Structure formats: C-alpha cells, structure tokens
Amino acid sequence: MNVHDILFWVFSIAMLVCGVMVIAHRNPVNSAMSLVLLFAFMAGLFVLLEAFFLATIQVLVYAGAVMVLFLFVIMLLDIRASVLKRLRWLGLVGALLVSGLLVWEIQQVLRQPAVESAVEAKGLALGLSDVVKPLFTQYMLPVQLTALLLLAAMVGVVLLSKRDLQ
Amino acid sequence: MNELLIHLLKIAGVIGVMLGIVAYTVLAERWVCAWMQDRIGPNRVGPFGILQPLADGLKFIFKEDVLPRHVRHKFYFTVAPMITMVPALITVAVVPWGSYLPVLGHNIKGVIADLDVGILFIFAIASLGVYGIVLAGWSSNSKYPFLGGIRSSAQMISYEVCLGLSVVPVFMQAGTLNLWNVVLYQAEHTWLVWCQPLSFVIFMVSAFAETNRTPFDLPEAEQELVGGYHTEYSSMKFAMFFLGEYANMFVASALMATLFFGGWSLPVAPLNAPATTLAVGLAHVGVFLAKTLFFLFVFIWVRWTLPRFRYDQLMTLGWKVFVPLTIVNILVSSVVLAVMENG
C-alpha cells in the first residue's frame, strides 16, 4: 500500500463519516459544517486523481460559496433544536425510498465488468484546458442553455423575494 | 528524500518570513499612524521600539482567556479565529517569491506549489476565511458580534465576486493561471498594470474590502458595533483575528505585486529573466519582498487617510459599480486581445 492508497482510504472514510454526521446531527450548524468538511475531503480525492481544476472548483463553489449561504440562512432563521427532534413520517418514507433507489443503482453499476480507473480507462487528461476547451467548442450550446437557465432562476428569485415589486 | 527536505525548508522559510513581516506590520502600522498624526509612536521596548511585537505577543499570551458564559458553542467559538488565520498561510504557497535559487546543484523554483490553477486555488482557499467570521459572530451569541459577523460576511462574499472578475483580463492576457508563469510573462513583456490599469484599481479596492481594512472596515466599526465579530474574544484568540487580518493583507499585497507589478522581476538587465546564479535569485526574492512591503505600506497609509464608508455605500459600490465595470473590462480586453492576435 503506497501513500496514494492510504490517502484514498483516509479521504474516503473521512467523507463517509462526515456524510453520516450531516444527517445525524440535530444542530443544523453542525450539519452544515460537516458538509463543508465533506466537500474538502472530496476535493482531496480529486487531487489524488490529479484533477486539480475540479478539486479547486469543488472547494471554491461548494465549500466557499454555496455552503456559506446555507450557513447564513441557518443562522438567520435560528431554528430551535426541539423543532428538529420530531420525526416526520413522510420525511422518513421519502428518505428510505430515495436511498433504496440509490443503493439499487449502485448495485447495478457494480454488476458491470470492472472498470480499472475512470481516469486511466478513458485516457482522460484533467488539466485546466482539457476541461475548459470542450466547454467553449464541443459543448457550447449546452453551456449557453445552462447559463440561460441559471439567469432565469436568478431573476425569478429576485422577483419572488421582492413581493411588493410592481 | 532530498526533494522533501527542500520543500520543508521552503515552507519553513516562507512561513517564517511571512509571520515575521506580519508581526512587524503591526508595529509599522502604529509607527506610520503616529507619524501621520504628529505623535512619537511606540519607542519604549528595545532601541526605537523594534521589540514591540515581542512585547505585544507576550502580553497576549499572558492575558486571561475569557470564555463568556453566553457563548453558544464552545468548539466553534475556539475554532473561528483559527479559520480566519489559516487560509492566508495556505494561499501563500502558490505565490511566487522568486524565480530560481540555484543552490548546490539544485535549481530550486521560487514557489512552494507550482500549481496550474494558481489563482483559482487562492480564491478557493481564501473563500473559506468567511467561515471564521460567520462562526465567530454566531457562536458568540450576543448582538454586536452577530451583526458584525453578518455584515462582514456579506461584505466578503460581495467583494469576492469583484475580486474574481477583476483579474480575469490579466489572465486572458498572460494566457495562464499559473502565477509563476504570469510573472514570467511580465518579465518578458511589460508589467500588467500598464495594460490593465482598471483591473488593478478594482482589484486593489476589492482587496481592501476583502481584508476588512479602512475605508471598508465597517464590520468592526467601534461606534456602532463595539468590536464587531470579535467583541467577545480575548487573549490569544483575539490575537489570532488580529494577526489573521494582517496575514490576509500580506497575501493581498503579494498578489498585487505578482499580478500587476511584475512579481520578482524588474525591467533591468539581470533582473528581467529567471535567475541563473544564486545572487540574482536572492535579488529576485528581495525585489518581490520590497514590492509587497510597499503595498503593505499603502494599506496602512490609506487607513490613516480615508474615513469609513457607510454600509449601503459599500454594497452599492460593489454590486452596482464594480461588477458592471469588471464585466465591461473583460469584454473590452477580450475584443482587443482577439484583434491583436488575429489582425
């Protein structure tokens, strides 16, 4: 077992622990911070695959921006822990359904003949220009459409949050 | 093993020099302030007061570490000052301190981590610094820190956008995100501040907002918020916030020097190309540090010159002035670059 393998196990186990903490904690701030840690370890896994760009974006977008806003909302709402202690049956059924589906999907994937390594198998290089250039050439239309979708969502949020806007 | 040793030495050197500069920036701040207000300033500890940082450090360590009873979460309360300090120490890893240092047959590159995603790495790690402030404000569980924390994080998130957008033209022109190569480009061509002056101005102003310095230091506006997010902190925990601010200032200064003022290069004969001898290599490090110290001085200079902005003025400046300006700047720069390449 070389350093690479050891780090892989360290990051993976840490990610699983963080993932469990996200749903197990009663305090939403703890959950949010666990999720931040989880993203950091996931970035570590990307670094092991030498996908530095993905690792950086992972931290920049999710840990640095999205989760900060989550934390913001949690703190401003100041949810009481007692409200969260109630078990909602609808939530439980939904969670079981979704996680069951996920387990079934993973099982289906694992049944496939083993792929040695996603990166090596396809001969993918994950450098900056390898990731970015196709976005501006091959996948130009999908990128633009996604951008339009995001813009529409943003305008929608502004409209909804300013109800008295006439 | 040799490689590992070189890396460890580089890390130790960079962190050591950086923390030394951070400690002395605090003293410089007091000196410059005294000078500008026609006072004498600290001059009691050691000759001319140069041992003042040591005395301050000892004082911080020996003060009682008060943990107010109303603190909501002890763990986050303790960890928050560390989170504000650490990103500055990590981001400095991708800043090029010099070109090469040819020592004993090794050609040591003047940067700890020569990452191709350089600047993105800096923004990614720097964006984590907000957690320290948010958590400090929330876990203190009293109104002034909470208001200060909310203000500060809103400010940092807003100006992160300006900061990120303002440097895009720089990297479009240099054609690389690797900071060492950006400096090399400037050594071979010209300093980017001459080509991208608007970028530089917006970057500098945003950096002031991002490091919570005057004229944008309203998160800790004493008159309205007592001390802002660090009101409830004492002893070394407060010192960590304090040093974190100066460490962030150091990184911002180093970035201004690197991105816009040629980093380790000077436009004269032996200093405008990567070093081949040790003397030139060391001179490069000296040039880089001199430029960084100059920008640290500008930070202090501005603090004792300009009054503080109002909160709404700050937000208006960020979202309604800087964001549109940077986007226009990106558009114009890309058109000019495309015309110059093809025409």
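The values are calculated or read from the model by the stated rules, or taken from the named source; none is laboratory data. Given the structure is predicted, the values throughout are model-derived calculations rather than measurements. Heads up, the Cβs are rebuilt from the backbone with ideal geometry, glycines too, and the neighbour counts pull from every protein chain shown. SASA here: full protein model, heavy atoms, side chains in, ligands and nucleic acids out. Shrake-Rupley method; radii C 1.70, N 1.55, O 1.52, S 1.80 Å.
Would you call B:VAL130 within 14 Å of chain A (Cβ to nearest Cβ), within 21 Å of the chain's Cα centre (by Cα) and open to solvent by less than 30 Å² (accessible area, probe 1.4 Å)?
Considered against the rule, which asks whether it is within 14 Å of chain A (Cβ to nearest Cβ), within 21 Å of the chain's Cα centre (by Cα) and open to solvent by less than 30 Å² (accessible area, probe 1.4 Å), B:VAL130 comes out as yes.
For segment B:263-292, enumerate the residues that are open to solvent by 50 Å² or more (accessible area, probe 1.4 Å) and polar (S, T, N, Q).
Once the filter is applied, which keeps residues that are open to solvent by 50 Å² or more (accessible area, probe 1.4 Å) and polar (S, T, N, Q), segment B:263-292 yields B:ASN272, B:THR276, B:THR277.
If the requirement is being in contact with a helix residue (DSSP H, G or I) (Cβ under 8 Å, 6 or more places away or on another chain) and within 12 Å of chain A (Cβ to nearest Cβ), which of these qualifies: B:LEU67, B:LEU89, B:LEU135?
B:LEU135
I want to confirm something. Restricting to segment A:49-60 and keeping residues that are open to solvent by less than 60 Å² (accessible area, probe 1.4 Å) and out of contact with any helix residue (DSSP H, G or I) (no Cβ under 6 Å at 6 or more places or on another chain), which single residue is farthest from the other protein chains (Cβ to nearest Cβ)?
A:ALA51
Suppose we filter B:VAL201, B:VAL182 for residues that are closer than 30 Å to B:VAL335 by Cα and either touching a residue at least 40 places away in the same chain (Cβ under 8 Å) or outside any helix (DSSP H, G or I) (or both); which single one remains?
B:VAL182
Among the listed residues A:MET33, A:MET67, A:MET75, identify the single one that is assigned to a helix (DSSP H, G or I), open to solvent by less than 40 Å² (accessible area, probe 1.4 Å), modelled with pLDDT under 85 and within 12 Å of chain B (Cβ to nearest Cβ).
Checking each option against the conditions leaves just A:MET75.
What pairs can you find where one residue is in segment B:152-172 and within 12 Å of chain A (Cβ to nearest Cβ) and at positive phi, the other is crowded, with 23+ Cβ neighbours inside 10 Å and outside any helix (DSSP H, G or I), and their Cβ atoms are less than 9 Å apart, with a gap of 6+ or different chains?
Nothing qualifies.
Within segment B:71-88, does at least one residue satisfy the condition of being modelled with pLDDT under 90, in a helix (DSSP H, G or I), out of contact with any Lys or Arg (no Cβ under 8 Å at 6 or more places or on another chain) and among the polar types (S, T, N, Q)?
Yes, because at least one residue in segment B:71-88 is modelled with pLDDT under 90, in a helix (DSSP H, G or I), out of contact with any Lys or Arg (no Cβ under 8 Å at 6 or more places or on another chain) and among the polar types (S, T, N, Q).
Hey, could you check segment B:93-126 for residues that are within 14 Å of chain A (Cβ to nearest Cβ), assigned to a loop (DSSP other than H, G, I, E, B) and in contact (Cβ under 8 Å) with a residue 40 or more places away in the chain and say which is most open to solvent (accessible area, probe 1.4 Å)?
So the residue we want is B:ASP116.
Among the candidates A:LEU38, A:LEU96, A:LEU76, A:LEU7, single out the residue that is closer than 30 Å to B:SER142 by Cβ and hydrophobic (A, V, I, L, M, F, W, C).
Checking each option against the conditions leaves just A:LEU76.
Quick test for you: out of B:GLY57, B:GLY41, pick the one residue that is more than 14 Å from chain A (Cβ to nearest Cβ), among the small types (Gly, Ala, Ser) and outside any helix (DSSP H, G or I).
The unique qualifying residue is B:GLY41.
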